[in-house]
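Notes to accompany the following structure.
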Ligand SMILES: NC(=O)c1ccc[n+]([C@@H]2O[C@H](COP(=O)([O-])OP(=O)(O)OC[C@H]3O[C@@H](n4cnc5c(N)ncnc54)[C@H](O)[C@@H]3O)[C@@H](O)[C@H]2O)c1
């Protein structure tokens, strides 16, 4: 970690679209220990809007090479389309800058490995925008799991189908939902948050089998619905169901351990506690149809945490004071590997025994890009600023 600095951290945002411009605004308004010293976008209009959002503090750059050659910033935030996270992240490390990349840290596992390998100077901070790690529901669950309150993991089920997106969403933003532009669909764009939480909370599965529907509800070539089955080393199982074509959607995480069950849904955190271990009970009970006595505890939890603002502030604190990161970017490889394994399993019709073969997946992705015949229809451009309130 770098030395504590009394001065404001000079940040540059690379990619000033929906997310990047929101970061410009968030930092300008809320983070006193940093300044938006530079903004970079290949689209002149987005660049100009970002300068305005920084209240004029930012120097504009039309490409990241010029930005990185300059002395305008000491740290970058990469919020370009996903493929750029790897290339721009690597270039930023070569230029000696601290790096925060948006999720997913890269499109596929081999690119994650390349990006992580470029972080050779450990004095440079390398963070990822996994803002949902700040949500107190998941933080509480993590504490319970780490303290062993649920005992051995038995089953995890996450239904995360409230990522509804319209055809208009996919038609706008030329890079979205193509193999060449985005490298995937719901697993690459919306679900990195939940896939990261899955690995953060439960570790990595040993086997992944999945069924991904490509363009089932939308005119796109990538996956817009997924049902996955996971197996963990101790025999625990998991299911992960997602879609961008289902409304009303669901966001329900159900975690069963030997000592009880946690359900997180609609902002409520319910723990149904077993009086004794269910694993022990089933082995030792002298009755055929008995089950452990339970107690239902609603754990009161307020709000959703600091989200992007908290991760941005944490990045700045890590640069200034060496504060531990909420989401070290190297951990971002796991969510990418999970998503890639789901797509690979679906395409090969076979379970993936983890770890995923990164080279095999990259080859498959290149084939998908080479064989793509999909032609994108441009969406009518909506007037004004994109409303992100239904996102994240
Ligand atoms: N953490 C979150 O909650 C969250 C939410 C939305 C998006 N994101 C992530 O942010 C990234 C961007 O998504 P978005 O919705 O803002 O997309 P967007 O299309 O609105 O913005 C991307 C911007 O990057 C610019 N750009 C493209 N290539 C560039 C390059 N080489 N150099 C500089 N600028 C370049 C584009 O001109 C555009 O303005 C994605 O990786 C996405 O997954 C994260």
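Read-outs: derived from the displayed coordinates by stated rules, not from any lab. Quick caveat: nothing in here was measured; it's all calculated off a predicted structure. Note that each Cβ is placed from the backbone with ideal geometry, even for glycine, and that neighbours are counted across all protein chains shown.
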Residue-span extension gain [residue 241 to residue 139] - 0.36 nm each, minus C-alpha spacing: 34.5 nm
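With the contact rule set at Cα under 8 Å and sequence spacing of 6 or more, what percent relative contact order holds for the chain?
Averaging sequence separation for qualifying contacts and normalising by length gives 20 percent for the chain.
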37 °C / 0.692 mPa s Stokes-Einstein diffusion coefficient of the range 52-123, Kirkwood radius on C-alpha pairs, µm²/s: 257 µm²/s
Given the range 1-142 reduced to its alpha-carbon atoms as identical point scatterers, what log10 I(q)/I(0) does the Debye formula return at q = 0.14, 0.15, 0.19 Å⁻¹? -0.63, -0.73, -1.13
For n ≥ 4 DSSP H runs only, could you compute -39500 (n - 2.57) per run for the chain, divide by its residues and tell me the 222 nm figure to the nearest 500? -10000 deg cm²/dmol
Ordered by packing density, taken as the mean number of other Cβ atoms within 10 Å over each peptide's residues, highest first, how do 287-295, 258-266 rank? 258-266, 287-295
What are the equivalent ellipsoid semi-axes of the range 65-173, built from the alpha-carbon gyration tensor (square roots of five times its eigenvalues), in whole angstrom, biggest first? 32, 22, 13
In the chain, if every C-alpha pair distance is counted and binned at 20 Å from zero, what percent goes to each bin? 27, 56, 16, 1
Find how many whole Å separate the alpha carbon centroid of the range 108-176 from the alpha carbon centroid of the range 41-62. 29 Å
Let me check against my output: what whole-number percent is the relative contact order of the range 1-141, with C-alpha pairs under 8 Å and at least 6 apart? 22 percent
Using 1/(1 + (r/R0)^6) with R0 = 41 angstrom and r between the beta carbons of residue 234 and residue 372, what's the FRET efficiency to the nearest 0.05? 0.55
For the range 207-329, just list the percent of Cα-Cα distances falling in each 10 Å bin from zero outward, please. 10, 21, 29, 27, 10, 2, 0
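With the Cα gyration tensor of the range 6-73 in hand, give its eigenvalues times 5 under a square root as the equivalent ellipsoid semi-axes, listed largest first in whole angstrom.
Calculated on Cα positions only, the semi-axes equal 17, 15, 8 Å.
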With an 8 Å cut-off on Cα pairs and a minimum separation of 6 or more residues, tell me the relative contact order of the range 24-84 in percent. 31 percent
Need the full-extension length gain, residue 279 to residue 291, defined as separation in residues times 0.36 nm minus the C-alpha distance. One decimal, nm. 3.3 nm
Cα point-scatterer Debye curve for the range 128-233, base-10 log of I(q)/I(0) at q = 0.10, 0.14, 0.15 Å⁻¹: -0.35, -0.66, -0.74
Rule-of-thumb check for the range 202-271: C-alpha Rg over 2.2 N^0.38 Å? 1.32
By how many degrees, 0 to 90 and rounded to 10, does the Cα axis of helix 44-53 deviate from the longest principal axis of the chain? 80 degrees
Taking only Cα atoms, what is the 0 to 90° angle, nearest 10, from helix 307-321's long axis to the longest principal axis of the chain? 70 degrees
The helix 83-94 Cα axis meets the longest alpha-carbon principal axis of the chain at an angle in degrees, between 0 and 90 and rounded to 10, of 60 degrees
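Ranked from highest to lowest mean number of other Cβ atoms within 10 Å per residue, what is the order of the peptides 216-226, 140-150?
216-226, 140-150
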What does the convex hull of the alpha-carbon atoms of the range 264-356 project to on average, in nm²? 11.5 nm²
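I'd like the antiparallel share, as a percent to the nearest 5, of DSSP beta bridges with both residues in the chain. Before the final figure, lay out each step's value.
Values: 42 of 68 bridges.
That works out to approximately 60 percent antiparallel.
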State the three equivalent ellipsoid semi-axes of the range 307-367, derived from the C-alpha gyration tensor as the square roots of 5 times its eigenvalues, in descending order and whole Å. 34, 10, 10
Full extension between residue 95 and residue 33 adds, at 0.36 nm per residue less the Cα distance, a length in nm of 20.1 nm
